[in-house]
Amino acid sequence: MEYKDYYKTLGVSKNATEKEIKSAYRKLARQHHPDVNPDNPSAEARFKEVNEAYEVLGDPEKRKKYDQLGADWRRWEQAGQNGGFDWSQWMGGMGSPGGPGGPRVRVQYGANDLNDLFGNGGGFSDFFNAIFGDMGAASGGSRSGFRGQPQAQIGQDIEQELEISLAEAYHGTTRLLSKDGRRLEVKIPAGAKTGTKVRMRGEGQPSYGGQAGDLYLKVKVAHDPRFERKGDNLHVTVPVDLYTAILGGEVRVPTMTGDVKLKIPAGAQNNQKFRLTGKGMPKLRHKNEYGDLYAQLEIKLPKSITPEQRTLFEKLRDMG
């Protein structure tokens, strides 16, 4: 039975990081997917090899076991394969007819024997099944034979960022995406925040023999020049002239649905805040519930005054 070099299959080094392995797998899976190569029989075989390699190298435990096997396999080849390769440690140990509690039996198989044991069918190679397959018990067990039947693999999930405006986050929005020549419609719910994920089932990485993964769109709400968002609340700065601040009056406050009037008392202070209940962002998945809007006053002093105004201000100062 041939040793499978999974690192070579994915085109990565033995020191490759998880990210590098995942990136290589995605690239090769797209390149050799049977749907992309309907008239190329070799593409399907190559796709299976890529999937099998990632099944091992993409799983830290399987990768560790595979790396450990590699050293033993090379020593076995250098020794001329005499006596057969010792598979007992890779098969998890074969129990005696007495059941799981019985003594462990050390079993050795030659290369020719392994073909009889594992066959040539199944979703993964004989090599994979020999290391990771479900071997069952040597005899008397509930499983039939040694051969492990691999389950269909689910495709990898994909995550992509989707930027929307604050107005779109307030009202909710629909975006059209293009994927593999198809147009997909995705609905972003009202109240979405930066970090909100919208799931599109079955639109992720394809998988041969199993269902595709999911596509997750991670929302990013763009900076808004007027409003600052904090959770479901909004904060806005409202300019107020000196005279209105001293005497009191009305100012217009912007909201997500248009301006509203706000009455401010005489003697209003710079940076003083007023709360407008229910004028903030809609609460995600809470129908008809909204956060609040906080209007912070910014008192604007006149840059220049007339001689008459100066005289009046001096009189006010002198009056204490």
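Descriptive notes on the structure:
- In this entry, TYR294 is excluded by the filter for residues that are assigned to a helix (DSSP H, G or I), of a type in the set (Ser, Thr, Tyr) and outside the structural domain of HIS171 (by TED's automatic domain parsing).
- Failed item in (1) assigned to a strand (DSSP E or B); (2) at pLDDT below 95, with ILE246 passing the rest: (1)
- Hey, ASN112 part of a helix (DSSP H, G or I), at pLDDT below 90 and farther than 22 Å from GLY58 by Cα or not: yes
- Looking only at region 1-24, residues that are free of Cβ contacts under 8 Å to residues at least 40 places away in the same chain, within 22 Å of the chain's Cα centre (by Cα) and part of a helix (DSSP H, G or I) come to 5 in all.
- Residue within region 262-271 that is more than 30 Å from SER304 (Cβ to Cβ) and either among the small types (Gly, Ala, Ser) or touching a residue at least 40 places away in the same chain (Cβ under 8 Å) (or both) present: no
- Pairs are defined by a Cβ separation below 7 Å, a sequence spacing of at least 6 or placement on different chains, a first member in region 194-207 that is crowded, with 19+ Cβ neighbours inside 10 Å, and a second member that is among the charged types (D, E, K, R) and in a strand (DSSP E or B); the pairs so defined are GLU203/LYS179.
- Screening region 40-71 for residues that are among the basic types (Lys, Arg) and within 17 Å of LYS14 (Cβ to Cβ) and picking the one that is modelled with the lowest pLDDT gives LYS65.
The values are calculated or read from the model by the stated rules, or taken from the named source; none is laboratory data. For clarity, every value in this text was computed on a predicted model and none was experimentally measured. Note: ideal-geometry Cβ built from the backbone for every residue, glycine included; neighbour counts use all protein chains shown.
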